[in-house]
Amino acid sequence: MSFENPLKRVERLRRVKNRPNDNKAGRVPPGQFVTEKFPVLHYGSVPAIELATWDFRVFGLVETPITLTWDEFRALPETTLTTDIHCVTRWSKLDTTWTGVRWRDFIEAVGVKFSLDASHLMAHCENNFTTNLPLDILDDEETMFAWEFEGEPLTAEHGWPLRLLVPKRYFWKSAKWIRGIEFMAGDRPGFWERNGYHMNGEYWREERFGW
């Protein structure tokens, strides 16, 4: 089985169209309304997490599985970025600011090498929550593992201590309380996808429900 650093195959994987920008109207996908609030939406209870025993796993079709402690994760290169987010329940919040480690920096700093057969990722989270994503969507300047929102640590309701941030997809794909990533050959549905949400979740196409 062959492996490579995913940063070397950016051009081969990239199939993402640039989103409209420059003006507020062009930044809001169809069927969405803009809010200043940050609604709390999740299934089940907020998990109780102890950082002393918290870990993060990288596994699946990788050359070497990796496990990081919280201190090791927080020592990764830090970036702050501002982006828009869009929820499948039709709210959009513009110019949100997040701090964490970008996907690209994480891959490089941790030394992740995944199989050439890998095309998708499953995010594994507390409470057995999962969500699926294509690797080419993750390889983006705005994708990150975030631990702060608007200059403050994430609240428990919004995913403390860590959540995935994938601004190019509906916000359920930005999984809360993330604990690991699994590299996969082919796609398979996560929790919400098994319960009727779209496998891809691209908001400019209003991929809200179904396959």
Report task. Of the numbered conditions (1) out of contact with any Leu (no Cβ under 7 Å at 6 or more places or on another chain); (2) in contact (Cβ under 8 Å) with a residue 12 or more places away in the chain, residue 143 fails exactly one; give the number of that condition. Result -> (1)
**Report entry** Sole residue being surrounded by fewer than 17 Cβ atoms within 10 Å (Cβ to Cβ) and either over 25 Å from residue 63 (Cα atoms) or not β-branched (Val, Ile, Thr) (or both), chosen from 156, 146
**Finding:** 156
Query raised in the report: Within the stretch 134-149, is there a residue that is touching a Lys or Arg at 6+ places or on another chain (Cβ under 7 Å) and farther than 21 Å from residue 73 by Cα?
Result: yes
Query raised in the report: Filtering the stretch 42-66 down to residues that are more than 30 Å from residue 115 (Cβ to Cβ) and touching a residue at least 60 places away in the same chain (Cβ under 8 Å), which residue is nearest to the chain's Cα centre (by Cα)?
Result: 42
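Please give the helices (runs of 4 or more DSSP H) falling wholly within the stretch 1-88 in which 1 or more residues are at pLDDT below 70.
Numbers: elements: 10-13, 24-27, 70-74.
In the stretch 1-88, 10-13, 24-27 are the helices (runs of 4 or more DSSP H) which contain 1 or more residues that are at pLDDT below 70.
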Report task. Quick one: which residue in 130, 97 is at pLDDT 95 or above, in contact with a strand residue (DSSP E or B) (Cβ under 8 Å, 6 or more places away or on another chain), over 18 Å from residue 61 (Cβ atoms) and among the polar types (S, T, N, Q)? Result -> 97
Query raised in the report: Exactly one of (1) modelled with pLDDT under 95; (2) more than 30 Å from residue 35 (Cβ to Cβ) is unmet by residue 117. Its number?
Result: (1)
Report task. Could you pull out the residue among 115, 119 that is of a type in the set (Gly, Ala, Ser), surrounded by 15 or more Cβ atoms within 10 Å (Cβ to Cβ) and touching a Gly at 6+ places or on another chain (Cβ under 8 Å)? Result -> 119
Query raised in the report: Right, residue 108: surrounded by fewer than 17 Cβ atoms within 10 Å (Cβ to Cβ), part of a strand (DSSP E or B), more than 12 Å from the chain's Cα centre (by Cα) and in contact (Cβ under 8 Å) with a residue 24 or more places away in the chain or not?
Result: no
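The values are calculated or read from the model by the stated rules, or taken from the named source; none is laboratory data. None of the values given here were measured: they were computed from a predicted structure. Counting neighbours? That spans all protein chains shown, and the Cβs are built from the backbone with ideal geometry, glycine included.
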